[in-house]
Amino acid sequence: MEHHLRTNRSEEMINITSIIENEIRNTGVMNGIVTIFVPHTTAGITINENADPDVIHDILFGLSKIVHKYPEFKHFEGNSHAHIKASLMGSSCNVIIEDGRLKLGTWQGVYFCEFDGPRNRKIYVKLIEG
Ligand code: ZN
């Protein structure tokens, strides 16, 4: 399955947990594994806290402190910081499906990470029943 997402800022983390759970519900798969894959080089995916939105703010702030926009970067697009952050987050994650729901921790959510927006983005979702 392919899901389309419009991001609104240069950098943001969007909770896509309910999108994934809706897709699982539509397939009727009750138990298995879901892979969520982001086919982009300046966006990533991660699992982190869904309760306090300040955590998401602090992750983006912390990444900006780790990855600077160095003038020595050579990439012609000028967005190497976004490529590096995308690699730090990774481009896919796997979650167990149990009783038709994602088997996440109480405080966990699945986040699409935009590092070079706003853009139209895609998410690939693949379910393996078992
Ligand atoms: Zn680039």
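The values are calculated or read from the model by the stated rules, or taken from the named source; none is laboratory data. All of these numbers come straight from a predicted model, not from anything done at the bench. Cβ: placed from backbone, ideal geometry, glycine included. Neighbour counts: every protein chain shown. Please note that ligands, DNA and RNA were not included when accessible areas were found on the heavy atoms of the full protein model with its side chains. Shrake-Rupley method; radii C 1.70, N 1.55, O 1.52, S 1.80 Å.
Here is how the numbers come out for the structure above:
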read-out	value
Region 1-64: equivalent-ellipsoid semi-axes (sqrt of 5 x gyration tensor eigenvalues, Cα, Å)	25, 15, 11
Accessible carbon and sulfur surface of the chain relative to its total accessible area, %, 1.4 Å	51
Normalised contact order of region 2-129, rounded percent, pairs of Cα under 8 Å and 6 or more residues apart	55
Kirkwood-based Rg to Rh ratio, the chain, C-alpha trace	1.01
Value at 222 nm in deg cm²/dmol, rounded to 500, when DSSP H runs of n ≥ 4 in the chain each add -39,500 (n - 2.57)	-8500 deg cm²/dmol
Inter-site label distance for Asn48 and His3 at 7 Å from Cα along Cβ, in nm	1.9
The chain: most fluctuating residue of Gly78, Gly100, Gly117 per GNM, C-alpha cutoff 10 Å	Gly78
More than 19 angstrom apart: percent of Cα pairs within region 67-130	50
Accessible area (Å², per residue) of region 39-130, counting only protein heavy atoms and a probe of 1.4 Å	59
Charge dipole magnitude, Cβ of K and R +1, D and E -1 - region 2-129, Cα centre, debye nearest 20	340
